[in-house]
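Colleague: Quick one: this structure, given as structure tokens, is what I'll be asking you about.
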Amino acid sequence: MSRGLRTLAACLWLSAGAGTQAAVDAGPATAPRMEFTPLPAGSYRLPQIQSVADATLLDERGQSVRLSSVTNGKITLLTFFYTYCADPLGCPFVHETMTWLRSRIARDHELAHRVRFVAISCDPTTDTPEVLARYAGELADDSRFEWRFLTARSVPELLPVIDDFGQDVSVELDRSGRPTRALHHMLKVFLIDGRGKVREIYSLAYLQPQVMLNDMRTLYMERQGTVERGGAAHAHGAGAATAARVRVISRPPAEVPARRSGP
């Protein structure tokens, strides 16, 4: 079985539980307690983990977008999500964290036009461009800060992107074995430099706004040549991309829970 098919089939096992869980609102999330003091920006170097492979996706207007066009040229914070996620420590928590970061970065004259956010839906069947447009609201049209919301034409077109990032998801198949949707479960946020290289992967424990802000400032300072000489390479998140976990269970797709009306 090919890697893509293993990814497709494996993700099925998680989807049953995910669909049920997503329908229950467990209330607001509590941020993980930070058990360390963030290093000052520019006092360390972030290792190069991997290059981002290119792909063709769709934006909220239904226009084709090359992934390389939104992972190069700026410091990029990229996450996978789905619009109807209700896990308080899942997509809503990431969105809240990124919203806080956006407000800080938008006021920083050095970073405001050098940082972008990219959110890729794991469920192109449900999260069509029209759904993304409603979800994104004014965030997608804010000229002060670039925040892109993307989906794919189909699950098979999305799977190579998921595979490249080593993102753990669950994929549901219909009774004919066709992929219908993918659900993101293992929370990861990817920090990408202006050359399209992944430099950090944040898991839940390290999804700390000040840490992430310092890392983005460190990448900016690196580009400006002002990172401290001899600064040690430092990684505090997942540290390396890993292959997506695969489990295979044949079952019809669960009912898609009601979507939220906005971010």
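The values are calculated or read from the model by the stated rules, or taken from the named source; none is laboratory data. It should be emphasised that the depicted structure is a prediction, and the values quoted were computed from it without experimental measurement. Heads up, the Cβs are rebuilt from the backbone with ideal geometry, glycines too, and the neighbour counts pull from every protein chain shown.
Colleague: Is it true that Thr76 is among the polar types (S, T, N, Q), farther than 19 Å from Ala53 by Cβ and in contact with a strand residue (DSSP E or B) (Cβ under 9 Å, 6 or more places away or on another chain)?
Modeller: no
Colleague: Let me ask something else about it. Give the number of residues within the range 63-111 that are modelled with pLDDT under 95, more than 17 Å from Asp193 (Cα to Cα) and part of a loop (DSSP other than H, G, I, E, B).
Modeller: Residues flagged as modelled with pLDDT under 95, more than 17 Å from Asp193 (Cα to Cα) and part of a loop (DSSP other than H, G, I, E, B) within the range 63-111 amount to 12.
Colleague: Just to be sure before I move on: is Ala133 part of a helix (DSSP H, G or I) and among the small types (Gly, Ala, Ser) in the structure I sent? Walk me through it before giving the result.
Modeller: Values: part of a helix (DSSP H, G or I): yes; among the small types (Gly, Ala, Ser): yes.
So Ala133 fits the description; yes.
Colleague: All but one of (1) over 15 Å from Asp59 (Cα atoms); (2) out of contact with any Asp or Glu (no Cβ under 9 Å at 6 or more places or on another chain); (3) surrounded by fewer than 16 Cβ atoms within 10 Å (Cβ to Cβ) hold for His113; state the number of the condition that does not hold.
Modeller: Among (1) over 15 Å from Asp59 (Cα atoms); (2) out of contact with any Asp or Glu (no Cβ under 9 Å at 6 or more places or on another chain); (3) surrounded by fewer than 16 Cβ atoms within 10 Å (Cβ to Cβ), the lone unmet condition for His113 is (2).
Colleague: Residue by residue through the range 127-183, note down the ones that are of a type in the set (Asp, Glu) and surrounded by fewer than 21 Cβ atoms within 10 Å (Cβ to Cβ).
Modeller: Glu130, Glu138, Asp141, Asp142, Glu146, Glu157, Asp163, Asp164, Asp174, listed by residue number.
Colleague: Out of the residues in the range 33-62 that are assigned to a strand (DSSP E or B) and touching a Gly at 6+ places or on another chain (Cβ under 8 Å), which is surrounded by the most Cβ atoms within 10 Å (Cβ to Cβ)?
Modeller: Top of the filtered list is Arg45.
Colleague: Hey, could you check the range 112-126 for residues that are at pLDDT below 95 and in a loop (DSSP other than H, G, I, E, B) and say which is farthest from Ser64 (Cα to Cα)?
Modeller: Across the range 112-126, the extreme among qualifying residues is Ala112.
Colleague: Scan the range 85-100 for residues that are of a type outside the set (Gly, Ala, Ser) and crowded, with 20+ Cβ neighbours inside 10 Å and jot them down.
Modeller: Within the range 85-100, Cys85, Cys91, Phe93, Val94, Thr97, Met98 qualify.
Colleague: Moving to a separate point now. Show the residue pairs meeting these rules: Cβ distance below 9 Å; 6+ apart or different chains; first residue within the range 168-188 and modelled with pLDDT under 80; second residue part of a strand (DSSP E or B) and of a type in the set (Asp, Glu).
Modeller: So the pair list comes out as Pro179/Glu172; Thr180/Glu172; Arg181/Glu172; Ala182/Glu172; Leu183/Glu172.
Colleague: Can you tell me which residues in the range 28-45 are over 23 Å from the mean Cα position of the chain (by Cα) and modelled with pLDDT under 80?
Modeller: Those that are over 23 Å from the mean Cα position of the chain (by Cα) and modelled with pLDDT under 80: Glu35, Phe36.
Colleague: Something else: Taking only the range 184-195 into account, find how many residues are within 15 Å of Phe117 (Cα to Cα) and surrounded by 18 or more Cβ atoms within 10 Å (Cβ to Cβ).
Modeller: So the answer is 6.
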